[in-house]
Amino acid sequence: VQLVESGGGLVQAGGSPRLSCTASGSIFSRYAMGWFRQAPGKEREFVAAISWNGGITDYADFVTCRITGTRDNAKTTVYLQMNNLEPADTAVYYCASAQMTSIIHLGGSDYWGQGTQVTVSS
């Protein structure tokens, strides 16, 4: 299984980029998908997870309503819509996959993407 993220780049504060993660392999529709991020000098932290059918979503406490995770199983793609970004959101964003959202939240994903850089300028 390969996970490939896209959609990162330089964004102005207040911007609303959408990250994508496309998965290869046949497990996508049976696996939960999620997102982590790692800011410079900090540990990787959980952002969001979504169950195999989108029925369950799990977000980090800091997310509030600015970030939404969705998925399209037909396209084997999971999305992270981010709104009203702040410089503190600057990080490498990673896609992850596991059988359950709880496993993703705990950092126990089976598969990880290579990450996509999001830089928010003030």
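The values are calculated or read from the model by the stated rules, or taken from the named source; none is laboratory data. Remember, it's a predicted structure, so these values are computed and weren't measured experimentally. With ideal geometry, Cβ positions are generated from the backbone for all residues, glycine too; neighbour counts draw on all protein chains shown. Side chains included, ligands, DNA and RNA excluded: accessible areas come from the protein's heavy atoms. Shrake-Rupley method; radii C 1.70, N 1.55, O 1.52, S 1.80 Å.
Proximity of backbone amide H atoms, modeled 1.01 Å from N, is registered between residue 85 and 14, 15 at under 5 Å, excluding neighbours fewer than 5 places apart on the same chain.
With contacts taken as Cα pairs under 8 Å and at least 6 residues apart, the range 52-122 reaches a relative contact order of 29 percent.
When the chain is treated as a GNM with alpha-carbon contacts under 10 Å, the residue of 17, 40, 87 showing the greatest mean-square fluctuation is 40.
Dipole size of the range 39-107 about its Cα centre, with +1 on Lys/Arg Cβ and -1 on Asp/Glu Cβ: approximately 200 debye, rounded to the nearest 20. Largest accessible area first, the listed residues 43, 86, 5 line up as 43, 86, 5 when surface is computed with a 1.4 Å probe on the assembled protein chains. For the chain, a Gaussian network of Cα nodes joined below 10 Å ranks 72, 89, 61 by mean-square fluctuation, and the top entry is 61. Across the range 86-99, in residue order, what do the Karplus-derived ³J(HN,Hα) couplings come to in whole Hz, using 6.51 cos²θ - 1.76 cosθ + 1.60 with θ = phi - 60° and x for Gly and Pro? Once rounded to whole Hz, the list reads 10, x, 5, 7, 4, 5, 8, 9, 10, 9, 9, 9, 7, 5. The phi-based Karplus calculation (6.51 cos²θ - 1.76 cosθ + 1.60; θ = phi - 60°) puts the 3J(HN,Hα) values of the range 2-7 at 10, 10, 10, 8, 7, x Hz, whole numbers, x for Gly and Pro.
Counting alpha carbon pairs within less than 8 Å and at least 6 residues apart, what relative contact order, in whole percent, applies to the chain? For the chain, the relative contact order is 36 percent.
In the context of the full set of protein chains, residues of the chain present 50 Å² of accessible surface per residue (probe radius 1.4 Å, heavy atoms only).
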